[in-house]
Amino acid sequence: MKMTEKYNHKNVEPKWQKAWEQAGIFHAENDSSKPKYYTLIEFPYPSGQGLHVGHPRSYTALDIVSRKRRMQGYNVLYPIGWDAFGLPTENFAIKNHVHPKDVTKKNVARFKSQLQSLGISFDWSREINTTDPSYYKWTQWIFLQLFKKGLAYKKEMAVNWCTSCKCVLANEEVVNGACERCGSEVVRKVKSQWMLKITAYAERLINDLDLVNYPDRVKAQQKNWIGRSTGAEVDFTTTTGDILTVYTTRPDTLFGATYMVISPEHPIIEKLSGVIGNMDEIRKYQEAAARKSDFERTEVAKDKTGVKIEGVEAVNPVNGRQIPVFISDYVLVSYGTGAIMAVPAHDTRDHDFAVKFGLPIIEVVKGGEDVQKEAFTDCATGIMTNSDYLDGLSVDDAKKKIIEKLEESGKGKAKVNYKLRDWVFSRQRYWGEPIPIVHCPCCGAVPIDESELPLELPEVESYEPTDNGESPLAKMTDWVNTKCPKCGGDAKRETDTMPQWAGSSWYFLRYMDPHNDKALASKEALDYWTPVDWYNGGMEHTTLHLLYSRFWHKFLYDIGVVPTPEPYAKRTSHGMILGENGEKMSKSRGNVVNPDDIVNEYGADTMRLFEMFIGDFENAAPWSSSSIRGCRRLAERFYNLMNIMTDDEGIRAELEGPVNKTIKKVGDDIEILKFNTAIAALMSLINDITATGSVTKGELKVFTILMSPFAPHIAEEVWSQAGLGEGFVSIAPWPEYDESKCVESTIEIVVQVNGKVRDKIKVAADIDQEGALSQAKASEKVQSFIEGKNIVKEIYVKGKLVNIVAK
RNA sequence: GCGGGCGUGGUGAAAUUGGCAGACACGCAAGAUUUAGGUUCUUGUGCCGUAAGGUGUGCAGGUUCAAGUCCUGUCGCCCGCACCA
């Protein structure tokens, strides 16, 4: 027997990476008779820090799936690219006086070599980069289509302004009143901004969640974010004869409305300024509210403030009662109509306000405690009262009836509202896709001709954002000054750029046909590959990227570009890898693990095995520098099996059960993301094999195939050194298991007396109840526990246990 | 406040329809071989107890022959949203 050398990952891993690349075995075919399978991971942002150990967790998981699919005979597309526009690169470029393009190039090169050292079976021939003009040409093209359909529009509005990035942020990018990226304060600023009408798709973005296989938590979070609510709009007439429309989800409580509140920005205030008696006071309140940042405005939520509008009252349309109108910043101008009817008896916020301002509280739903003390908000159980024709009805019935009445009288109607806002799409920065629009004094906003795409970023001297909130592009007069595509007159280019989310909203389509210069992808490619079969990514993208890209995809579906209403058939999410101390990895905490060090010390296979073994894939898991050795041991024990290999091509009888069970277990577990238990099963099998002191060639062959998705380099090495088969194990057929071999002929069943385990007996697998019970009762141990007692009941669970209940 | 999730050994974690709690690892202990910087192998390892046995999945109840799993209550932690009418 020839002793193999000690396993050396430093030689083996690069060797096979090169061999795979040369043979092109991971290239997806656009023209294939095989069934297709499209696996996708969120393409990375090539940051200056290099790869994080978190990246490979997701990439390895879908690599395992992709490799298994190839072995099962699928034509697999598992692509990779770079989401490379964005602020960190731009900020680095500014600081170091280099072009963001060069920074990106360098970062991409580093990421690429790091990823390639992990042996992930990406199809590198389809690599894309969002900052490549041949790519962003199509990002701009999609924008133009959105513009043409009226879904991209410019609007003067209060936006989130990051004081440090000097840039507008989408609502989704503001976290607790601070910039998601840099943590600086975000203030409101009125600016003219490009917007995308994602709200037009709100209903479909909710409903079509039924068409896809996403985790419930992802669906719930998206629904929550879109925030659909049903209710009614009700018109209140003011004593000045104006109409004040409110939105309410509780039209049933209309008889309990004792005052109204409008937001400080409500336009009716200006309209009535001549009539309002205390305009000075109102203005003061408006100014104070405007000065507050989002953060303060929500943080100071506990104590309600407001001012009563003197000289104007509103009339409740159902009972003609006159009620006062207040302004208060607890009512948001951006939601509903910016005005509410206040029902303090049945809304805690209204209750707080009413108590503070001494306003009447009228109970209209019976069933609570004293509404003077606390609002009764549980609408499921209550019965209407003090509400004229609604009295005695349930809340649900009352809602229906009042809406009917309002619609009859023309004073209101049923209405659905969403929390989702339109997407603020402008950024006042350099390193993004230029928005392909020209502003003409005569024609307004005019799209540039599609033949002019891509509209490339001009070279600029300085990327510094300007203090007045304009993009650095605004200083490029040569570029900015142009002719109107419509009338030919002097005009100026739009100088804002698109947000980082633009390029990632459709990138999965480009992978299908990445070099196409006639279309974002050919129709044939789109028809063949769409939808993505399995998309894995982080939970943090649920309300940003995932929602945005679903929106774009639905739009592309509507204009006939893509063949499916949803981009991703199945979505899964990985948990974070934490530092060894259980905290999030960060430089400041000093708990960062560099993947390069791990690959260098233990090898990519060990790194892959460990990241999959570390815990439940969907939950966060702390890194452990000692546990990783267990995975290295598995790799070495696997390699050393070659030392005890016999020429027998078969599988020995005593290992048929374990081998077949492991094939089943590993295969099944990969499908449900249980990589940790799949690896545990492989460990068990190698324990069983080594316990016999030898391994047959046939056994090693199966074991090597099962190992190869997890530890592909070492599997390839064993495959070749031991002469287990032709070609690459990476594309060898996935083994079938024999169900009949998975069941043992004799099994051990547990014998309980009164629910406590007293003995275990070996019986034939097909034993019947009588046989099992009589054998159980024959056990000495069992007898000692039932002696002198009456057997009241006997339970037999087939193949599992016997329970004897004795008193 | 709303939505989602979690709580199991010294550690990471396993556990179809309720059916042997702790698979598989890490760590630790003892032993063997042996390399003398971390190797490999064997055995043991939830807790109490020499043992028989008892006990044990955040806590308190309940259903059941049988509960980590189902039900009720409660405590603690994490994530997302949040004055959304």
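The values are calculated or read from the model by the stated rules, or taken from the named source; none is laboratory data. Predicted model only: the values in this text are computed from it and were never measured. Cβ placement follows ideal geometry from the backbone for every residue including glycine, while neighbour counts extend to all protein chains displayed. These accessible areas exclude ligands, DNA and RNA; they are computed on the full protein's heavy atoms, side chains included. Shrake-Rupley method; radii C 1.70, N 1.55, O 1.52, S 1.80 Å.
Six or more apart or on different chains, Cβ atoms under 7 Å: show the pairs whose first residue is in the range A:571-594 and open to solvent by 80 Å² or more (accessible area, probe 1.4 Å) and whose second is not in a loop (DSSP other than H, G, I, E, B).
A:M576/A:G54; A:E580/A:P622; A:K584/A:L578
Kindly establish whether A:F353 is modelled with pLDDT under 95 and in a loop (DSSP other than H, G, I, E, B).
When the stated conditions are applied, A:F353 does not pass them.
Take the residues in the range A:628-654 that are among the polar types (S, T, N, Q) and open to solvent by less than 60 Å² (accessible area, probe 1.4 Å), then tell me which one is nearest to A:N11 (Cα to Cα).
Selected residue: A:N643.
Each row is one residue, and each column tells you yes or no for (1) within 10 Å of RNA strand B (Cβ to nearest atom); (2) touching a Leu at 6+ places or on another chain (Cβ under 9 Å); (3) modelled with pLDDT of 95 or more; (4) open to solvent by less than 40 Å² (accessible area, probe 1.4 Å).
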residue	(1), (2), (3), (4)
A:M260	no, yes, yes, yes
A:S263	yes, yes, no, yes
A:P267	no, no, no, no
A:K271	no, no, no, no
A:E287	no, no, no, no
A:S293	no, no, no, yes
A:D303	yes, no, no, no
A:G311	no, yes, no, no
A:A314	no, yes, yes, yes
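Counting only residues that are within 6 Å of RNA strand B (Cβ to nearest atom) and surrounded by 15 or more Cβ atoms within 10 Å (Cβ to Cβ), how many does the range A:206-224 have?
1
Return yes or no: is A:P454 closer than 18 Å to A:S192 by Cα and either touching a Leu at 6+ places or on another chain (Cβ under 9 Å) or in a loop (DSSP other than H, G, I, E, B) (or both)?
So A:P454 fails the test.
If I filter the range A:665-684 for residues that are aromatic (F, W, Y), within 42 Å of the chain's Cα centre (by Cα) and within 10 Å of RNA strand B (Cβ to nearest atom), do I get at least one hit?
yes
Every residue, every condition in (1) within 18 Å of A:P133 (Cα to Cα); (2) acidic (D, E); (3) more than 33 Å from the chain's Cα centre (by Cα), yes or no:
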{"site": "A:D397", "(1), (2), (3)": "no, yes, yes"}
{"site": "A:E404", "(1), (2), (3)": "no, yes, yes"}
{"site": "A:G410", "(1), (2), (3)": "no, no, yes"}
{"site": "A:N417", "(1), (2), (3)": "no, no, no"}
{"site": "A:S426", "(1), (2), (3)": "no, no, no"}
{"site": "A:C440", "(1), (2), (3)": "no, no, yes"}
{"site": "A:L455", "(1), (2), (3)": "yes, no, no"}
{"site": "A:P458", "(1), (2), (3)": "yes, no, yes"}
{"site": "A:E470", "(1), (2), (3)": "no, yes, no"}
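List the residue pairs whose Cβ atoms are under 6 Å apart, where the first residue sits in the range A:609-630 and is of a type in the set (V, I, T), the second is within 6 Å of RNA strand B (Cβ to nearest atom), and the two are 6 or more positions apart or on different chains.
Sorted first by the residue in the range A:609-630, then by its partner, the pairs are A:I614/A:A621.
Kindly indicate whether A:T348 is within 24 Å of A:G368 (Cα to Cα), open to solvent by 10 Å² or more (accessible area, probe 1.4 Å) and polar (S, T, N, Q).
It is true that A:T348 is within 24 Å of A:G368 (Cα to Cα), open to solvent by 10 Å² or more (accessible area, probe 1.4 Å) and polar (S, T, N, Q).
Among (1) open to solvent by 50 Å² or more (accessible area, probe 1.4 Å); (2) of a type in the set (S, T, N, Q); (3) in contact (Cβ under 8 Å) with a residue 24 or more places away in the chain; (4) more than 16 Å from RNA strand B (Cβ to nearest atom), there is one condition A:T230 misses while meeting the rest; what is its number?
(4)
Here are A:F675, A:F710: which of them is touching a Leu at 6+ places or on another chain (Cβ under 6 Å) and under 23 Å from A:S58 (Cβ atoms)?
Only one candidate qualifies: A:F710.
Pull out all pairs, ordered by first then second residue, where Cβ-Cβ is under 7 Å, the residues are six or more apart or on different chains, the first lies in the range A:136-155 and is over 10 Å from A:P436 (Cα atoms) and small (G, A, S), and the second is modelled with pLDDT of 95 or more and part of a helix (DSSP H, G or I).
The qualifying pairs are A:A152/A:F143; A:A152/A:L146.
If I ask for residues that are within 10 Å of A:Q17 (Cβ to Cβ) and part of a strand (DSSP E or B), which ones from the range A:115-135 would you list?
Selection gives nothing.
If you check A:T130 against the conditions, is it over 20 Å from A:I41 (Cβ atoms) and either touching a Gly at 6+ places or on another chain (Cβ under 7 Å) or surrounded by 17 or more Cβ atoms within 10 Å (Cβ to Cβ) (or both)?
no
Of the conditions (1) more than 9 Å from RNA strand B (Cβ to nearest atom); (2) of a type in the set (S, T, Y); (3) assigned to a helix (DSSP H, G or I), A:T690 clears all except one; give me its number.
For A:T690, the failing item is (1).
Of the numbered conditions (1) of a type in the set (F, W, Y); (2) within 9 Å of RNA strand B (Cβ to nearest atom); (3) in a loop (DSSP other than H, G, I, E, B), A:F376 fails exactly one; give the number of that condition.
(2)
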